[in-house]
Amino acid sequence: MPDTDLKPKTGTKPKLERPRMHKVILINDDYTPREFVVMVLEAEFGMNEATAGRVMLTAHQKGSAVIAVYQRDIAETKATRAVDMAKKFGFPLMFTTEPEE
């Protein structure tokens, strides 16, 4: 008689974690014109003029504002490109990234 031991195989699969998301944050400064900040938000983050204006005002009033949340590499790339655009035009506009909680 053949061996008919039908025990299920036991094994553990590693649990994959979703990549941690990162926030892109606009830092307010007193030198960059508001219109330029709106232009950068529209160009780099795909915001419409009204949304970009609200985000810019939030950063102006509170000192900073979260722009968007992306995977780490995308967040860092967008923040770097936005800062580079500002530097190209001679403005000290700053964007940073930090992990989302």
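The values are calculated or read from the model by the stated rules, or taken from the named source; none is laboratory data. None of the values given here were measured: they were computed from a predicted structure. Reconstructed Cβ throughout: ideal geometry from the backbone, glycine too, with neighbour counts over all protein chains shown.
So that you can scan it fast, the table gives a plain yes or no per residue for (1) without any contact (Cβ under 8 Å) to a residue 60 or more places away in the chain; (2) out of contact with any Lys or Arg (no Cβ under 8 Å at 6 or more places or on another chain):
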residue: Lys23; (1), (2): no, yes
residue: Thr32; (1), (2): no, yes
residue: Ala50; (1), (2): yes, yes
residue: Ala75; (1), (2): yes, no
residue: Thr97; (1), (2): no, no
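Out of the strands (runs of 3 or more DSSP E) lying entirely within segment 19-101, which hold 3 or more residues that are crowded, with 19+ Cβ neighbours inside 10 Å?
Strands (runs of 3 or more DSSP E) meeting the threshold: 21-27, 64-71.
When you scan segment 41-90, how many residues do you find that are more than 13 Å from the chain's Cα centre (by Cα), under 30 Å from Glu17 (Cα atoms) and among the charged types (D, E, K, R)?
Residues in segment 41-90 being more than 13 Å from the chain's Cα centre (by Cα), under 30 Å from Glu17 (Cα atoms) and among the charged types (D, E, K, R): 0 in total.
For residues that are among the charged types (D, E, K, R) and farther than 24 Å from Pro99 by Cβ, scanning just segment 27-83, find the one that is modelled with the lowest pLDDT.
So, considering only residues that are among the charged types (D, E, K, R) and farther than 24 Å from Pro99 by Cβ, the one modelled with the lowest pLDDT is Asp30.
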